[in-house]
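Accompanying notes for the structure given below.
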Amino acid sequence: ISGRSSRPKIALVPEDARNYYFSSEFFALTVNTDIISPEILAAYLSSRPVQEYLTGKSGGRMLSIIAKDDLLGMEITVPEMKEQNLLTELTELITEKYAIIEQEKRSLETLKESLFAELYPDGGEKC
């Protein structure tokens with residue numbers, strides 16, 4: 001999680017990642033996966049209420065600075081692991097659907113551009 005930015009940003013680093021270093025503006029959290037899945041924690045930290053809480057607690061005017069104690073002092077309601085797994089699956093499906101929709105939007109935009117290029121091969125008449 002970024003400790004200094006206009007809005008806190010969350011990223012998951014794969015477990016098998018090696019030789020990565022964090023700058024001082026990031027907090028690297030190690031997750032106890034027996035209690036909460038990294039995906040659920042990331043989704044929670046990215047949620048609007050948590051983002052608003054962290055932004056409200058942060059110091060600085062242009063650049064929000066989150067105190068480590070504010071981050072570590074947050075209470076998190078953790079669903080049962082079965083519910084976490086279901087939430088993770090549903091979130092993955094939603095993310096996949098977003099990707100499909102974005103691809104469809106790009107395809108439609110390309111089709112529209114092709115139609116206009118065919119209709120107006122020289123860019124059309126100047127008015």
Between F26 and residues 5 or more places away or on another chain, the pairs with built amide H atoms under 5 Å apart involve G3
Exposed-loop cut sites defined as GluC sites (Glu not before Pro) in DSSP loop states with at most 11 other Cβ within 10 angstrom; longest site-free run of the chain spans 16-74
Of every hundred units of 1.4 Å-probe accessible area on the chain, the number belonging to carbon and sulfur atoms, as a percent, is 56 percent
Over the chain, with neighbouring protein chains present, the accessible area per residue in Å² at probe 1.4 Å is 83 Å²
Listed by chain and number, the lysines with an alpha carbon less than 18 angstrom from that of K68, same-chain partners under 8 positions apart left out, are K9, K57
In deg cm²/dmol, rounded to the nearest 500, the helical mean residue ellipticity at 222 nm of the chain, built from -39500 (n - 2.57) for every DSSP H run of length 4 or more, is -16500 deg cm²/dmol
Here, Y98 and R48, labelled 7 Å along Cα→Cβ, have an inter-label distance in nm of 1.5 nm
With all protein chains in place and a 1.4 Å probe, M74 shows an accessible area in Å² (nearest 10) of 30 Å²
With +1 at each Lys and Arg Cβ and -1 at each Asp and Glu Cβ, the charge dipole magnitude of the chain around its Cα centre, to the nearest 20 debye, comes out at 620 debye
Taking Cα atoms only, Rg over Rh for the chain with Rh from the Kirkwood formula is 1.18
Diffing segment 47-53: the Karplus 3J(HN,Hα) column from phi (6.51, -1.76, 1.60, θ = phi - 60°), in whole Hz with x for Gly and Pro, holds 5, 4, x, 5, 4, 5, 4
In the chain, taking the dipole from +1 charges on Lys and Arg beta carbons and -1 charges on Asp and Glu beta carbons about the Cα centre, the listed residue (P121, L54, V13) farthest towards the positive end is L54
Per-residue accessible area, 1.4 Å probe, largest first, puts I10, I1 in the order I10, I1
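The values are calculated or read from the model by the stated rules, or taken from the named source; none is laboratory data. Not measured: the values here are computed from a predicted model. Note that each Cβ is placed from the backbone with ideal geometry, even for glycine, and that neighbours are counted across all protein chains shown. Accessible surface areas use protein heavy atoms only, side chains included; no ligands, DNA or RNA. Shrake-Rupley method; radii C 1.70, N 1.55, O 1.52, S 1.80 Å.
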